[in-house]
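Just below is one structure, and these are the notes that go with it.
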Amino acid sequence: MGLRVALVQMKVTDGNVHANLKRIEASLKYAIEHYSVEAAFTPELSLTGFSIPSKEDVRGAVNRIKELSDGVAIGVGATYFEGDKTYNSYLIVRDGDVLHVRKKFMLFEPMGEHQTFARGEPPTTFYLKDLKFSVLICYELRFPELFARVLDAEALVVPAAWPSSRKEHWRTLLRARAVEASSYVLGVNRWGEGLHGPFGGWSSSSTPEGETTLGEGEGLLVTELDKDKIEEWREFPSYKDRLSLLGIRPASGRRSGTS
């Protein structure tokens with residue numbers, strides 16, 4: 001069996017954690033009730049937007065996401081506080097626990113991210129069911145060098161606040177990364193007006209065989225991730241040749257489990 005996931009394309013109100021949480025909660029409940037999804041991913045900074053909220057508001061919202069995560073993995077973007085530093089981060093929450101935290105490494109200077117957020121770390125991997133995932137955030141989509149660090153990942157989630165003026169870059173790069181990695185690339189973008197907007201939507205599930213896309217407006221894109229298809233795509237020699245070029249030993253076998 002595969003892993004059924006939902007991409008939540010949504011408006012984000014910068015600085016209004018309560019309003020954003022309500023949108024996420026409503027979308028998540030709909031996706032579970034109507035599509036029985038096992039994972040749902042939201043855009044970059046989906047809980048907070050680009051304004052910096054209070055630590056208490058973020059903590060309360062994350063605790064609510066934990067309550068909603070019984071039997072489902074939830075990906076949310078949020079301002080993340082650590083000591084005296086603030087990060088543009090993406091959290092994967094499942095069964096009441098934070099499974100993975102990704103802090104954005106490539107900050108987008110034209111939006112002033114380098115003045116607001118500390119630089120994070122390059123991407124790493126984690127498992128959902130028997131699939132190996134990684135998260136790369138928005139501007140990082142432009143850097144195949146970062147994707148090469150997690151070339152063993154079978155599904156790559158790209159939460160974004162990508163402007164509508166560069167929509168074709170977004171769509172082209174998602175497809176290119178899917179072909180390069182012989183994997184699923186799940187791009188989930190913000191939609192609508194806001195600080196640094198308007199944001200363009202066009203969330204999509206891209207594979208070496210093509211894309212399924214949501215287009216404009218708020219909504220859900222539900223797709224099934226099939227490990228057998230990944231293994232089929234990776235029989236094409238470019239994947240193994242790319243591993244060899246980068247000095248990476250191919251992974252073997254499957255991992256089972258729900259973590």
> To the nearest 500 deg cm²/dmol, what mean residue ellipticity at 222 nm is calculated for the chain from DSSP H runs of n ≥ 4 alone, each contributing -39,500 (n - 2.57), summed and divided by the residues?
Replying inline: -8500 deg cm²/dmol
> Helix 55-68 sits at what angle to the longest principal axis of the chain, using alpha carbons and giving 0 to 90 degrees rounded to 10?
Replying inline: 50 degrees
>> Starting from 0.36 nm per residue, how many nanometres of slack lie between Lys240 and Asn16 once their C-alpha separation is accounted for?
In response: 76.1 nm
>> Please report the antiparallel percentage of the DSSP beta bridges confined to the range 3-246, to the nearest 5.
In response: 70 percent
> Given labels modelled 7 Å from the Cα in the Cβ direction, how far is it in nm from His169 to His34?
Replying inline: 3.3 nm
> How far, in degrees from 0 to 90, does helix 17-35 lean away from the longest principal axis of the Cα atoms of the chain, to the nearest 10?
Replying inline: 40 degrees
> Roughly how many nanometres apart are two label points built 7 Å out from the Cα toward the Cβ at Asp97 and His196?
Replying inline: 3.2 nm
> Local charge sum around Arg23 (other residues, Cβ-Cβ under 10 Å, Lys/Arg +1, Asp/Glu -1)?
Replying inline: 0
> Residue by residue, what Karplus-based ³J(HN,Hα) values in Hz, rounded to whole numbers, does the range 69-78 have, using 6.51, -1.76 and 1.60 with θ = phi - 60° and x for Gly and Pro?
Replying inline: 8, 5, x, 9, 8, 10, x, 10, x, 7
> Using +1 on the beta carbon of Lys and Arg, -1 on that of Asp and Glu, and nothing else charged, what's the dipole of the chain about the Cα centre, debye to 20?
Replying inline: 300 debye
>> Under the 0.36 nm per residue contour assumption, what length would be gained going from the current alpha-carbon distance of Thr124 and Arg59 to full extension?
In response: 21.0 nm
> How large is the charge dipole for the range 1-140, taken about the Cα centre, if only the Cβ atoms of Lys, Arg (+1) and Asp, Glu (-1) carry charge, to the nearest 20 debye?
Replying inline: 120 debye
> Toward the positive end of the charge dipole of the chain, about the Cα centre and with charges on Cβ (Lys, Arg +1; Asp, Glu -1), which of Ser203, His34, Trp162 goes farthest?
Replying inline: Trp162
>> Can you tell me which aspartates and glutamates have their Cα less than 15 Å from the Cα of Lys104? Leave out same-chain residues fewer than eight positions away.
In response: Glu44, Glu82, Glu113, Glu121, Glu140, Glu145
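Computed from the coordinates by the stated procedures, all read-outs in this text should not be read as laboratory data. What you are looking at is a predicted structure, and each value in this text was computed from that prediction instead of being measured. We place every Cβ from the backbone using ideal geometry, glycine too, and count neighbours over all the protein chains shown.
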